[in-house]
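K.L.:
Got a structure here, written out as structure tokens. Questions coming.
The values are calculated or read from the model by the stated rules, or taken from the named source; none is laboratory data. These numbers were taken from a predicted model, which means no experiment stands behind them. Methodologically, a virtual Cβ is constructed for each residue, glycine included, from the backbone with ideal geometry; neighbour enumeration extends over all protein chains shown. Note: accessible area is taken over every heavy atom of the protein model, side chains too, but ligands, DNA and RNA are not part of it. Shrake-Rupley method; radii C 1.70, N 1.55, O 1.52, S 1.80 Å.
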Amino acid sequence: MSGRRRERGPWPQLRETTLTAALESDGKVLDTGQRATVQLLTGRRITRGVYLHGGVGRGKTWLGAEFFNALEVPKLRLHMHALLGQVNQVVASAQAGQPIGIDHAVARIVGDARMVFIDEFHVHDVGDAMLLRRVLPGLLSLDAGLLLTSNYPADELLPDPLFHHTMVPVIEMIQSALTEWQIPDGVDYRPLNAGDGRGSGFASGSWTVTGSPGPTAAGTFARVPVGFSGTRQLEVAFADPEASALEATFGQLCGTPVSVQDFLGLTQTYSRWRLLAVPHPEEIDVQAFQRFAFLVDVLVDADLRLDVEAPLPLRDWARAARLPRDADRFLSRLSLLGVGRTNTA
């Protein structure tokens with residue numbers, strides 16, 4: 001056996017005490033499952049990367065973000081839909097006759113980063129699955145550690161039985177290249193830290209009961225540019241880029257075919273969002289529910305304020321029989337909103 005030391009993979013090293021101190025700096029105390037996850041992230045058994053999953057409110061994003069923030073290396077953090085959107089944008093921006101391959105697009109986005117953190121690795125769309133079949137190999141070919149967080153075990157990604165087979169190549173890549181780790185079940189901490197509206201970012205928002213939402217009053221509407229080129233226009237109730245404020249009815253943001261990429265683009269201009277006239281749950285179709293869930297995901301990830309006006313308190317509104325996929329995560333995140341002043345006038 002050679003006396004040369006085997007080179008480790010690209011996973012960056014961090015002391016367990018450093019990460020624990022960062023996580024507990026504001027008075028939080030790690031539970032047993034979270035502490036085991038810290039030991040995994042900072043241990044020496046990881047070489048290539050980690051696929052981290054677990055139940056809602058168990059701290060996946062929190063643990064991943066604190067690990068990411070504590071690293072003193074070039075690094076990149078993206079929401080999964082933001083990554084796919086950027087890949088599409090880079091490919092679409094190629095000059096005529098000079099196409100850019102997916103792997104080159106990925107390399108351009110990652111740049112010199114030595115750690116890539118992709119949060120909310122949830123797949124429900126067959127188009128996303130097909131794109132990931134080309135994006136993930138590009139990520140794995142780079143000299144960078146890779147951390148993915150998800151509510152799903154890898155083999156349950158894209159759970160729809162009609163399309164799950166399209167995700168199998170991605171699942172196999174994850175399971176062969178990364179260490180899959182589940183944060184052990186335990187307390188969902190979000191509701192315990194929610195409800196007073198005195199937080200920052202998303203948690204500073206509110207859920208206000210306004211009675212049954214009637215037809216939106218006639219008035220002046222605004223149009224905001226969306227899409228990669230900004231040539232598409234989305235009608236909203238009010239938009240003030242200088243004040244970074246956006247107001248829209250539920251129908252405008254969730255009742256029309258607005259994409260995750262549209263939401264992500266709007267977060268670059270607007271940091272304070274107000275969602276008006278949210279209907280009773282039984283009046284919302286599956287697609288609109290899913291867009292609402294995507295909107296909440298995007299705003300939580302960007303940590304931007306959301307104020308909601310709805311006909312019922314959240315605890316009653318959440319009892320609907322027809323909820324979007326990942327409803328537990330969606331409702332757990334909404335529970336971070338404070339209780340606004342009831343207005344039934």
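K.L.:
Please indicate, with yes or no, whether at least one residue in segment 78-86 is open to solvent by 50 Å² or more (accessible area, probe 1.4 Å) and either acidic (Asp, Glu) or not in a helix (DSSP H, G or I) (or both).
P.N.:
No, every residue in segment 78-86 fails to be open to solvent by 50 Å² or more (accessible area, probe 1.4 Å) and either acidic (Asp, Glu) or not in a helix (DSSP H, G or I) (or both).
K.L.:
Determine which member of the set Leu52, Leu23, Leu40 is aliphatic (A, V, I, L, M) and more than 22 Å from the chain's Cα centre (by Cα). Please lay out each step first, then the result.
P.N.:
Details: Leu52 fails: more than 22 Å from the chain's Cα centre (by Cα); Leu23 fails: more than 22 Å from the chain's Cα centre (by Cα).
Matching residue, one of Leu52, Leu23, Leu40: Leu40.
K.L.:
Within segment 187-232, track down each residue that is over 15 Å from Trp62 (Cα atoms), modelled with pLDDT of 70 or more and open to solvent by less than 50 Å² (accessible area, probe 1.4 Å).
P.N.:
Result: Ser204, Gly205, Ser206, Trp207, Thr208, Val209, Thr210, Ala222, Val224, Val226, Gly227.
K.L.:
Looking only at segment 119-163, how many residues end up being over 25 Å from Gly57 (Cβ atoms), outside any strand (DSSP E or B), touching a residue at least 12 places away in the same chain (Cβ under 8 Å) and not polar (S, T, N, Q)?
P.N.:
Going through segment 119-163 one residue at a time, the tally reaches 17.
K.L.:
Being assigned to a loop (DSSP other than H, G, I, E, B) and within 22 Å of Asn69 (Cα to Cα) is the filter; apply it to segment 101-118 and report the residue that is farthest from the chain's Cα centre (by Cα). Don't jump to the end; show me each part of the working.
P.N.:
Step one: of segment 101-118, the residues assigned to a loop (DSSP other than H, G, I, E, B) are 101, 111-114.
Restricting the remaining residues to those that are within 22 Å of Asn69 (Cα to Cα) gives 111-114.
Details: Gly111: 22, Asp112: 23, Ala113: 20, Arg114: 21 Å.
Per the stated criteria, the residue is Asp112.
K.L.:
Quick check on Gln261: is it touching a helix residue (DSSP H, G or I) at 6+ places or on another chain (Cβ under 7 Å), assigned to a helix (DSSP H, G or I) and open to solvent by 50 Å² or more (accessible area, probe 1.4 Å)?
P.N.:
Details: touching a helix residue (DSSP H, G or I) at 6+ places or on another chain (Cβ under 7 Å): yes; assigned to a helix (DSSP H, G or I): yes; open to solvent by 50 Å² or more (accessible area, probe 1.4 Å): yes.
For Gln261, the condition - touching a helix residue (DSSP H, G or I) at 6+ places or on another chain (Cβ under 7 Å), assigned to a helix (DSSP H, G or I) and open to solvent by 50 Å² or more (accessible area, probe 1.4 Å) - is met.
K.L.:
Among what's in segment 233-254 and is in contact with a Ser or Thr (Cβ under 8 Å, 6 or more places away or on another chain) and part of a loop (DSSP other than H, G, I, E, B), pick the residue that is surrounded by the most Cβ atoms within 10 Å (Cβ to Cβ).
P.N.:
The extreme case among them is Ala237.
K.L.:
Could you please tell me which pairs satisfy a Cβ distance under 9 Å, a separation of 6+ or placement on different chains, a first residue in segment 92-114 that is in contact (Cβ under 8 Å) with a residue 24 or more places away in the chain, and a second residue that is of a type in the set (Asp, Glu)?
P.N.:
Between residues of segment 92-114 that are in contact (Cβ under 8 Å) with a residue 24 or more places away in the chain and residues that are of a type in the set (Asp, Glu), the close pairs are Arg114/Asp143.
K.L.:
Name the residues in segment 147-186 that are charged (D, E, K, R), modelled with pLDDT under 90 and under 25 Å from Val38 (Cα atoms), would you? Write out each step before concluding.
P.N.:
Pass one, segment 147-186, residues charged (D, E, K, R): 155-156, 160, 172, 180, 185.
Still in the list and also modelled with pLDDT under 90: 160, 185.
Asp185 - this is the single residue of segment 147-186 that is charged (D, E, K, R), modelled with pLDDT under 90 and under 25 Å from Val38 (Cα atoms).
K.L.:
Give the number of residues within segment 108-124 that are open to solvent by 40 Å² or more (accessible area, probe 1.4 Å), on the phi < 0 side of the Ramachandran plot and not acidic (Asp, Glu).
P.N.:
Looking only at segment 108-124, we keep the residues that are open to solvent by 40 Å² or more (accessible area, probe 1.4 Å), and these are 108, 111-112, 114.
Pick out the ones that are also on the phi < 0 side of the Ramachandran plot and you get 108, 112, 114.
Of the ones still in play, those that are also not acidic (Asp, Glu) are 108, 114.
Qualifying residue count for the region: 2.
K.L.:
Please tell me if Phe68 is farther than 28 Å from Gln287 by Cβ, open to solvent by 10 Å² or more (accessible area, probe 1.4 Å) and either in a loop (DSSP other than H, G, I, E, B) or aromatic (Phe, Trp, Tyr) (or both).
P.N.:
Numbers: farther than 28 Å from Gln287 by Cβ: yes; open to solvent by 10 Å² or more (accessible area, probe 1.4 Å): yes; either in a loop (DSSP other than H, G, I, E, B) or aromatic (Phe, Trp, Tyr) (or both): yes.
It is true that Phe68 is farther than 28 Å from Gln287 by Cβ, open to solvent by 10 Å² or more (accessible area, probe 1.4 Å) and either in a loop (DSSP other than H, G, I, E, B) or aromatic (Phe, Trp, Tyr) (or both).
K.L.:
Now, a different point. Can you pull out every residue in segment 1-44 that is modelled with pLDDT of 90 or more and among the basic types (Lys, Arg)?
P.N.:
Arg15, Arg35
K.L.:
Take the conditions over 18 Å from the mean Cα position of the chain (by Cα), among the small types (Gly, Ala, Ser) and farther than 25 Å from Tyr152 by Cα and apply them to Ala318. Does it pass? Even if it seems obvious, please write down each step before you answer.
P.N.:
Details: over 18 Å from the mean Cα position of the chain (by Cα): yes; among the small types (Gly, Ala, Ser): yes; farther than 25 Å from Tyr152 by Cα: no.
No.
K.L.:
Would you mention how many residues in segment 289-333 are open to solvent by less than 20 Å² (accessible area, probe 1.4 Å), at pLDDT 90 or above and among the hydrophobic types (A, V, I, L, M, F, W, C)?
P.N.:
The number of residues fulfilling the criteria is 7.
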